[in-house]
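Take a look at the structure below.
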Amino acid sequence: LVVDDDTGLREMIATALTVRGAEVIAVATLKEALSTEGTFDLALIDMLLPDSTGDVVLKQLRQVGKATRGLLVTGTEVAQL
């Protein structure tokens, strides 16, 4: 499962994973992610979405049994620790 609100990036990630043999569902929001059918081996989630944050999306996907593993990503500049 790919969750990213940037259409171009979402499609690029989905294409790259598909070319490598993965079955991919790609959506833009938490609401869409929760409404998908089935379960996922991995959820690749943008950290900043229009209706939520990536950590909340992953938590909710886990709570409803849609995904057990997740990878949170962002294109936003993050202050260095």
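Scanning region 38-49 for residues that are open to solvent by less than 30 Å² (accessible area, probe 1.4 Å) and not aliphatic (A, V, I, L, M) yields a count of 2.
Scanning region 6-24 for residues that are open to solvent by 70 Å² or more (accessible area, probe 1.4 Å) and of a type in the set (D, E, K, R), we see that the one that is farthest from Gly54 (Cα to Cα) is Arg20. When region 25-37 is filtered for residues that are of a type in the set (A, V, I, L, M, F, W, C), outside any helix (DSSP H, G or I) and open to solvent by less than 40 Å² (accessible area, probe 1.4 Å), the ones remaining, listed by number, are Val27, Ala28.
Please indicate, with yes or no, whether at least one residue in region 50-57 is within 18 Å of Ala14 (Cβ to Cβ) and out of contact with any helix residue (DSSP H, G or I) (no Cβ under 9 Å at 6 or more places or on another chain).
yes
Each residue in region 50-81 was checked for being surrounded by 12 or more Cβ atoms within 10 Å (Cβ to Cβ), touching a strand residue (DSSP E or B) at 6+ places or on another chain (Cβ under 7 Å) and not charged (D, E, K, R), and 9 of them qualify.
The values are calculated or read from the model by the stated rules, or taken from the named source; none is laboratory data. This is a predicted model, so every value here is computed, not measured. Methodologically, a virtual Cβ is constructed for each residue, glycine included, from the backbone with ideal geometry; neighbour enumeration extends over all protein chains shown. Ligands, DNA and RNA are excluded from the accessible area calculation, which covers all protein heavy atoms including side chains. Shrake-Rupley method; radii C 1.70, N 1.55, O 1.52, S 1.80 Å.
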